[in-house]
Amino acid sequence: LVFEIHHNKDRVIEITVRSDPNALVDLTEDEPVDVDFMYTVKWKETNTPFEKRMDKYSLSSSLPHHLEIHWFSIINSCVTVLLLTGFLATILMRVLKNDFIKYAHDEESADDQEESGWKYIHGDVFRYPKHKSLFAAALGSGTQLFTLTSFIFILALVGVFYPYNRGALFTALVRNLLLTGSLFCGPLFVTFCFLNTVAIAYKATAALPFGTIVVIFLIWALVTSPLLVLGGIAGKNSKAEFQAPCRTTKYPREIPPLPWYRKTIPQMAMAGFLPFSAIYIELYYIFASVWGHRIYTIYSILFIVFIILLIVT
């Protein structure tokens, strides 16, 4: 084996290894062969700065045949957005158009008419949901996650975020009252433990060392949890009592039995499928990067897909 070590002063920039074609051994005969294993090391000076040693991997991600797939992903997502907004606008305009005309021309007669369709439930829209605490926790976790993702994208786009340090990625990801803290961090921690255990079992370099896991846990315990408590106290003290913009009826209106496709689980599946269909091509590259055989560096395209995902959602 011939090792070529490229160095800039005392920093190793790149190591390449190849086999010497003149040192091949014929193993076609079924008999023992004495083999001498040898290696040669060649040191070569390079002007590449240590901080830019990974740039060649970024360039390989930007090759035309890679970019074509990414742009196809964006076009696919844009078509999804256009179809969704088109369908939604058509439905809303057909439903609301007559009502708008009615209210615009004669508000008094419109008030006297019997309510129909969506106007039946206007007095139930701002009724408190059954699981208020879970709703608030989901909203809080989503806001934290959205803010965190936005800041990570900004860091990535300006070149501060370093994609080759896997520990830093997880540490940045976990910077997130008990229910809010566990609603996002709990499933994330379980998923991370499973992935890390698999990586350790396969002796993969993607596995995080014990020290990094301890640091992540300490960030959650010493930074996230106190901030959640402070946020809860600040939210309680800073906001006045909620006032709905329209009156809520005393008794909730009875909802007629729904067909199976309009019940909670099918609606959740549809609501998850549409955003997923907008980003699934880009997700392939992200998961390939998480599992270690690719390096993801095209954050500009990922940011565009992220914006499209927000619109679809």
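The values are calculated or read from the model by the stated rules, or taken from the named source; none is laboratory data. All figures in this text were calculated on a predicted structure; none of them were measured in a lab. For neighbour counting, all protein chains shown are included, and Cβ atoms are generated from backbone atoms with ideal geometry for every residue, glycine included. Keep in mind that these areas ignore ligands, DNA and RNA; they rest on the heavy atoms of the full protein, side chains included. Shrake-Rupley method; radii C 1.70, N 1.55, O 1.52, S 1.80 Å.
Structure notes:
- Ranked order, THR224, THR313, THR249 - accessible area, probe 1.4 Å, largest first: THR313, THR249, THR224
- Entry comment: accessible area of region 2-52 is 92 Å² per residue, from protein heavy atoms only and a probe of 1.4 Å.
- Per-residue ³J(HN,Hα) for region 136-143, Karplus 6.51 cos²θ - 1.76 cosθ + 1.60, θ = phi - 60°, Hz, x for Gly and Pro: 5, 5, 5, 5, x, 5, x, 5
- Modelled FRET efficiency - R0 30 Å, PHE287 with ALA136, Cβ distances, 0.05 increments: 0.45
- Region 230-312: relative contact order in percent, alpha carbon pairs under 8 Å with at least 6 residues between: 24
- Length-normalised contact order for region 2-52 - Cα pairs under 8 Å, 6+ apart - percent: 53
- With every protein chain in place and a 1.4 angstrom probe, the accessible-area ranking of GLU51, GLU14, largest first, reads GLU51, GLU14.
- Carbon and sulfur %, accessible surface of region 202-313 computed with the full protein complex present, 1.4 Å: 70
- Normalised contact order of region 1-94, rounded percent, pairs of Cα under 8 Å and 6 or more residues apart: 29
- Reciprocal of mean inverse Cα separation for region 2-52 (Kirkwood radius, Å): 13.5
- Carbon plus sulfur fraction of accessible area for region 2-52, probe 1.4 Å, in percent: 51
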